[in-house]
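Asker: Shown below is the structure under consideration.
The values are calculated or read from the model by the stated rules, or taken from the named source; none is laboratory data. All of these numbers come straight from a predicted model, not from anything done at the bench. Cβ atoms come from the backbone with ideal geometry, glycine included; neighbour counts cover every protein chain shown.
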Amino acid sequence: MKRASRIYTALILLFLFAPIVILLVFSFNETKSLSVFSGFSMKWYRELFRDRDTLSAVRNTLVLAVISSLVSTVMGTAAAVGMHKLRSKWYRAALDTVTNIPMINPDIITGISLMLMFVFVGRFFGLATSLSFWTMLLAHITFCLPYVILQVLPKLRQMDPALPEAARDLGCTPLQAFFKAELPEILPGIITGMIMAFTLSLDDFVISYFTQGNGFQTLPIRIYSMTKKTVTPKMYALATIIFFVILTLLLISNLTDQDDGDKHKTKKVKSED
Amino acid sequence: MKKIFAMVPALALAVVLLLSCAGCGGKTLTLNVYNWGEYISDGSEDSLNTVKAFEEWYQKEYGQKVRVNYDTFSSNEDLYAKLSSGAVSYDVIFPSDYMIARMVNENMLLPLDYGNIPNFEYITEDFRNLYYDPQNQFTVPYTYGVVGVIYNAKVVDENDANGWDLLWNENYSGNILQFNNPRDAFGTAMYKLGIDVNTNDKADWDAAQAELLRQRPLLKGMVMDEIYNMMASGEAAIGTYYAGDYFTMLDMVDEDNDIVDLRFYYPEPTNYYVDAMCIPSCCQNKELAEIFINYMLSEEPAVANAEFTYYASPNSVVLNSQQYAEDMGEDFMEIIYPPMDSFRNNYQAYAYQNLDAETLAYINELWEKVKIN
């Protein structure tokens, strides 16, 4: 039985990672072939760093992901705190549903409706081009928001409601009570929400495709448009770099998470004493 | 955890710095170019980055900085959708012939001032006034291409390699690739049957569908750009694509292997296309756009682009360039520029033209049936 479950896990890992490993290996290939590995070479990495348009697409994607994840984290956390404090159950349920719509909606509908709205507003104000970096940013914030809210709300529900009250009792202003008592409690939720928002924004194609303005092309759109010819191995090199950056980020975040977990445990033990 | 949180303001600051630099540098003109992906020489593998070269040339010539925003699209339909939404503004675009005809019809293109494009004289007579732009007011041809058959000589017998029949040859069942879009797929059947590809007669389209249904069980798959890897790896042995793409595939094949040996030939009749540079009506700086088009016709960038894309060039400067012929080699020149009595006559007779809406809907209906079979 144990052996069977091990084989099963191994199979799952194989299916998940075989494509990435192949891409990784062929990013070091000497030729453009995807079937024969003819020799080790850093050629495609050199080509990648010489390709101005791809690099600027990477930069655009990162700028967009960082700003939209930050803004949606701040907005989403504030919204979650507000929603948590609502007394009316009916009102809260209604708000919950409304915030979840961008998440449940197919991307293509979100994308098209956002584009139509931007065009409408742009026409209304008589702008020559209604789509720009800013519309794309707004779109990304829109679809990231519910994920942040969804991560923060459960943390608020888990939190002892007496905590902020105790802080107020001990002389904190409401603002101080939030930053000193509540925020540290819900921080793990906020961080997870932010990371989710960041990754979602990073690899979004459909919504970006509809809301993209001129002069601000993101990486997924650029790769998609390479299909007239074939995707060059530079992209394998880029994917390899992205894979390792994300891997190290994940490792760091997991390691620090573990430290945090340990601290919590010791705290709890002490309080039980 | 807290450390990560402390990084946030630092990151935000970095982002603001990055963004704020977009506007620095004083009076810089911008030119928004919208082209197919991988369709211009971009400096890879020691080629000339023609967009960057234009920026440098312009500054030297006119003493003003220009920044080219270069975006890419993946199909004519994408381009059309973006432009017709009215939400973007591009100065130079590179649509294909049938899309140009449609855009001219819908007043989406501006007439060019050929006074600003003196290099238009390099465009061979054969490529002027084609059906999509009969008075040649809107377009400057960029590339053209001819559809051919690519086959793996290790699998396919040389004697079988002629005409469209190879794609219906039962000996190679499970080894044949067909286009995965209705117009091109029906095209192959219609050229085979000798039917006009621009007909409005439903019976003709029915006949083509029957031919496609007959071919269906022999197919390895219906593909678009997947064809590159499938042909280069030997997964499939017969496919049709543009002549330039054959050379892209050759690049992907390992030299010393004994399973793949790709060859190429033109069936008769076959499909022709022209992609051209145009200025859309949303253009913000028409003169600059015309200067850009003119620059792309001059020798150095035109040769670099032709060498990069592998597609045929309608530019006589490229055709007469000693360096181009030397760089690309004899085989390439023979295949890419096949002897033709008249490109114009072939093109006007066999290129895809816009069909009326009713016929298009009918083709889509027929196509669905081919796909599910």
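Asker: Hey, residue A:29 hits all of (1) in contact with a strand residue (DSSP E or B) (Cβ under 9 Å, 6 or more places away or on another chain); (2) exposed (fewer than 15 other Cβ atoms within 10 Å of the Cβ); (3) within 13 Å of chain B (Cβ to nearest Cβ); (4) not aliphatic (A, V, I, L, M) but one; which does it fall short on?
Answerer: (2)
Asker: Considering only residues that are out of contact with any helix residue (DSSP H, G or I) (no Cβ under 8 Å at 6 or more places or on another chain), of a type in the set (A, V, I, L, M) and either part of a loop (DSSP other than H, G, I, E, B) or within 12 Å of chain A (Cβ to nearest Cβ) (or both), which ones fall in region B:197-226?
Answerer: Kept after step one, since they are out of contact with any helix residue (DSSP H, G or I) (no Cβ under 8 Å at 6 or more places or on another chain), are these residues of region B:197-226: B:198, B:201, B:203, B:210, B:217, B:219, B:226.
Now narrow it down to the ones that are of a type in the set (A, V, I, L, M): B:203, B:210, B:219.
Within region B:197-226, no residue meets the criteria.
Asker: Looking at (1) of a type in the set (S, T, N, Q); (2) over 15 Å from the mean Cα position of the chain (by Cα); (3) on the phi < 0 side of the Ramachandran plot, which is the one condition that is false for residue B:107?
Answerer: (3)
Asker: Scan region B:54-72 for residues that are more than 12 Å from every other protein chain (Cβ to nearest Cβ) and at negative phi and jot them down. Write out each step before concluding.
Answerer: Within region B:54-72, the first condition is being more than 12 Å from every other protein chain (Cβ to nearest Cβ), and the residues that meet it are B:54, B:56-66.
Answer for region B:54-72, where residues must be more than 12 Å from every other protein chain (Cβ to nearest Cβ) and at negative phi: B:54, B:56, B:57, B:58, B:59, B:60, B:61, B:62, B:64, B:65, B:66.
Asker: Same structure again: Quick check on my filter: what residues within region A:51-103 are under 20 Å from the mean Cα position of the chain (by Cα), under 15 Å from residue A:190 (Cβ atoms) and in contact (Cβ under 8 Å) with a residue 40 or more places away in the chain?
Answerer: A:69, A:70, A:71, A:72, A:73, A:75, A:76, A:77, A:79, A:80
Asker: Would you point out the residue of region B:126-161, among those that are acidic (Asp, Glu) and part of a helix (DSSP H, G or I), that is surrounded by the most Cβ atoms within 10 Å (Cβ to Cβ)? Spell out how you get there, then give the answer.
Answerer: Taking region B:126-161 as the starting set, the residues that turn out to be acidic (Asp, Glu) are B:126, B:133, B:157-158, B:160.
Now drop any that are not part of a helix (DSSP H, G or I), which leaves B:126, B:158, B:160.
Details: B:126: 17, B:158: 9, B:160: 14.
Filtering region B:126-161 for residues that are acidic (Asp, Glu) and part of a helix (DSSP H, G or I), the one surrounded by the most Cβ atoms within 10 Å (Cβ to Cβ) comes out as B:126.
Asker: Out of region A:195-208, which residues are buried (at least 24 other Cβ atoms within 10 Å of the Cβ) and part of a helix (DSSP H, G or I)?
Answerer: Of all residues in region A:195-208, those buried (at least 24 other Cβ atoms within 10 Å of the Cβ) come to A:197, A:201, A:204, A:207-208.
Across region A:195-208, the qualifying residues are A:197, A:201, A:207, A:208.
Asker: Can you name the condition, by its number, that residue A:80 falls short on among (1) away from every other protein chain (no Cβ under 14 Å); (2) surrounded by fewer than 16 Cβ atoms within 10 Å (Cβ to Cβ); (3) of a type in the set (Gly, Ala, Ser)?
Answerer: Of the numbered conditions (1) away from every other protein chain (no Cβ under 14 Å); (2) surrounded by fewer than 16 Cβ atoms within 10 Å (Cβ to Cβ); (3) of a type in the set (Gly, Ala, Ser), the odd one out for residue A:80 is (2).
Asker: Only one of (1) at pLDDT 95 or above; (2) more than 10 Å from chain A (Cβ to nearest Cβ); (3) closer than 24 Å to residue A:136 by Cβ is not met by residue B:24, so which one is it?
Answerer: (1)
Asker: Moving to a separate point now. Among the residues of region B:82-100, is any over 15 Å from the mean Cα position of the chain (by Cα), more than 9 Å from chain A (Cβ to nearest Cβ) and closer than 24 Å to residue B:327 by Cβ?
Answerer: So far as region B:82-100 goes, no, none of its residues is over 15 Å from the mean Cα position of the chain (by Cα), more than 9 Å from chain A (Cβ to nearest Cβ) and closer than 24 Å to residue B:327 by Cβ.
Asker: Now, a different point. Considering (1) within 13 Å of chain B (Cβ to nearest Cβ); (2) over 16 Å from residue A:194 (Cβ atoms); (3) among the hydrophobic types (A, V, I, L, M, F, W, C), say which one residue A:104 fails and leave the rest.
Answerer: (1)
Asker: Give region B:336-350 a look and list any residue that's aliphatic (A, V, I, L, M) and at pLDDT below 95, or say none. First the steps, then the outcome.
Answerer: If we filter region B:336-350 for residues that are aliphatic (A, V, I, L, M), which is where we start, we get B:336, B:340, B:349.
Scanning region B:336-350 gives B:340, B:349.
Asker: Turning to a different aspect of this structure: Restricting attention to region B:309-320, report how many residues are surrounded by 19 or more Cβ atoms within 10 Å (Cβ to Cβ) and under 14 Å from residue B:119 (Cβ atoms). So that I can check it myself, show each step before the final result.
Answerer: Here is the first cut: in region B:309-320, the ones surrounded by 19 or more Cβ atoms within 10 Å (Cβ to Cβ) are B:309-315, B:317-318.
Retained after the next criterion (residues that are under 14 Å from residue B:119 (Cβ atoms)): B:313-315, B:317-318.
Total meeting the criteria: 5.
Asker: Now, a different point. Name the single residue, out of those in region B:228-242 being surrounded by fewer than 22 Cβ atoms within 10 Å (Cβ to Cβ) and within 21 Å of the chain's Cα centre (by Cα), that is farthest from the other protein chains (Cβ to nearest Cβ). Even if it seems obvious, please write down each step before you answer.
Answerer: Our first condition is that a residue be surrounded by fewer than 22 Cβ atoms within 10 Å (Cβ to Cβ); within region B:228-242, this holds for B:229-230, B:233-235.
From what is left, the residues that are within 21 Å of the chain's Cα centre (by Cα) are B:229-230.
Details: B:229: 5, B:230: 10 Å.
Checked region B:228-242; the qualifying residue farthest from the other protein chains (Cβ to nearest Cβ) is B:230.
Asker: Based on what the data block shows, is residue A:119 closer than 13 Å to residue A:211 by Cβ and without any contact (Cβ under 8 Å) to a residue 40 or more places away in the chain? It would help to see each step written out before you state the result.
Answerer: Details: closer than 13 Å to residue A:211 by Cβ: yes; without any contact (Cβ under 8 Å) to a residue 40 or more places away in the chain: yes.
Answer is yes for this residue.
Asker: Being surrounded by fewer than 20 Cβ atoms within 10 Å (Cβ to Cβ), more than 14 Å from every other protein chain (Cβ to nearest Cβ) and either among the basic types (Lys, Arg) or under 17 Å from the mean Cα position of the chain (by Cα) (or both) narrows it down to one of B:353, B:323, B:348, so name that one. Write out each step before concluding.
Answerer: Values: B:323 fails: either among the basic types (Lys, Arg) or under 17 Å from the mean Cα position of the chain (by Cα) (or both); B:348 fails: either among the basic types (Lys, Arg) or under 17 Å from the mean Cα position of the chain (by Cα) (or both).
None of the others qualify; the one that does is B:353.
Asker: State whether the residues of region B:294-308 include one that is surrounded by fewer than 20 Cβ atoms within 10 Å (Cβ to Cβ) and free of Cβ contacts under 8 Å to residues at least 40 places away in the same chain.
Answerer: Yes, region B:294-308 contains a residue that is surrounded by fewer than 20 Cβ atoms within 10 Å (Cβ to Cβ) and free of Cβ contacts under 8 Å to residues at least 40 places away in the same chain.
Asker: Just the residues that are small (Gly, Ala, Ser) and assigned to a helix (DSSP H, G or I), please, taken from region A:84-112. Walk me through how you get there before you give the answer.
Answerer: Step one: of region A:84-112, the residues small (Gly, Ala, Ser) are A:88, A:93-94, A:111.
Once the filter is applied, which keeps residues that are small (Gly, Ala, Ser) and assigned to a helix (DSSP H, G or I), region A:84-112 yields A:93, A:94, A:111.
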